[in-house]
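J.: Pasting in a structure now, in structure tokens, and then I'll have a few things to ask.
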Amino acid sequence: MKRVFSELLNLFRPKVFEEVTNSRLHAMLHGEVERLLANKGFEAVNDLIWVRGDDAPIRQVFKFSKLKGGIFVPMWGVSLDFVPHLSGKKVAWHRSNKSAKLDLCFHPQGSALQMSYIEGPTPILQRRKYVVGQAVEEATKFWQMCHKIDALPDAIKWLRAYYSEGKGLAFYNYTQHFLTVAFLLKRNGQPEEAMTELDRQYAEFREPEAWQKLKPLLSE
């Protein structure tokens, strides 16, 4: 009875606001991530970002990202050396572990893997083993889907279906996705389809100059 009463009391007890910085989050999570990923070739390249570059031009990425509402979640996917990104009006490349970006991003829907970063370290310490373990297990399945370049179209098809069924963001809400689709089409010998894909997503480009710089890259 005392235990039940104590749990009920905790439900109604005001939560303490204490924001946890990225460096502190990394310190709390790094051990769990390293335990599961270090022997697979992953290295920490920044706070909350781990990358494996053994299969370049496909690089596996595992990270944690802060979202609105004081929560942060694990995300994973692949960084592709042949896909550029936009940096203001410039077209740039990410062809190293340090600069890796999520060109294909799996963002788990729902709250099962969410943690709060504004309630101090205790809730994170209590859930880190479960969250990291589940995330790495799911991430490994996705990385296996993306293990070769000729497997990427099927991985994209699967990812589109995943986002279409969820209640979160859609496939093209992730900025890199339309560039990934276009440059993968170009790499697979479909430059006209690649240009069509780029034109279809023109509204996403806030810098027309950058858009104009992308087009020649698809026709090279």
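J.: Quick one: if the Förster radius is 41 Å, what FRET efficiency do TRP93 and ILE118 give, using the C-beta to C-beta distance and rounding to 0.05?
T.: FRET efficiency, TRP93 to ILE118: 0.70.
J.: Which residues' amide hydrogens lie under 5 Å from the amide hydrogen of HIS147, considering only partners 5 or more residues apart or on another chain, with H built in the peptide plane?
T.: Under 5 Å from the amide H of HIS147: no residue qualifies.
J.: Stretched out fully, how many nm does the piece from ALA56 to ASN188 gain, at 0.36 nm a residue minus the Cα gap? Present the calculation step by step, with values, prior to reporting the outcome.
T.: On the way: separation 132, 0.36 × 132 = 47.52 nm, distance 1.69 nm.
Gain on stretching ALA56 to ASN188: 45.8 nm.
J.: Rounded to the nearest 0.05, what FRET efficiency do GLU165 and ARG35 have when you use their Cβ-Cβ distance and R0 = 30 Å?
T.: Once the sixth-power term is evaluated, E becomes 0.40.
J.: What FRET efficiency, computed as 1/(1 + (r/R0)^6) with R0 = 22 Å and r the Cβ-Cβ distance, is obtained for ASN46 and ASN173, rounded to the nearest 0.05?
T.: So, using R0 = 22 Å, E works out to roughly 0.40.
J.: As a check on your grasp of the helix formula, calculate [θ] at 222 nm for the chain: sum -39500 (n - 2.57) over DSSP H runs of n ≥ 4, divide by the residue count, round to the nearest 500.
T.: -14500 deg cm²/dmol
J.: Of all DSSP beta bridges located in the range 13-219, what percent are antiparallel, nearest 5?
T.: Counting DSSP beta bridges with both partners in the range 13-219, the antiparallel share is about 95 percent.
J.: To continue, here is another question. Determine the relative contact order of the chain: mean sequence separation of Cα pairs under 8 Å and six or more apart, normalised by residue count, in whole percent.
T.: Across the chain, relative contact order equals 18 percent.
J.: Using all alpha carbons of the chain, what is the percent of pairwise distances in each 5 Å bin, ordered from the shortest bin to the longest?
T.: Calculated P(r), rounded to whole percents: 1, 6, 13, 17, 17, 15, 12, 8, 5, 3, 2, 1, 1, 0, 0.
J.: While we're here: Just tell me which aspartates and glutamates come within less than 16 Å, Cα to Cα, of LYS129; anything on the same chain fewer than 8 places away is out.
T.: GLU32, GLU34, GLU137, GLU138
J.: Could you check the spin-label model distance between GLU137 and LYS215? Points 7 Å from the Cα along Cα→Cβ, value in nm.
T.: Modelled inter-label distance: 5.0 nm.
J.: Are any of the pairs LYS186/LYS213; LYS40/LYS141; LYS89/LYS186; LYS98/LYS215; LYS90/LYS141 more than 24 Å apart by Cα-Cα distance, and if so, which?
T.: With Cα atoms farther than 24 Å apart: LYS98/LYS215; LYS90/LYS141.
A short reminder: the numbers here are calculations on the coordinates, not readings from a lab. Treat the numbers as computed from the prediction; the structure is a model and nothing was measured. Positions of Cβ are generated from backbone atoms using ideal geometry, with glycine treated the same way; all protein chains shown enter the neighbour counts.
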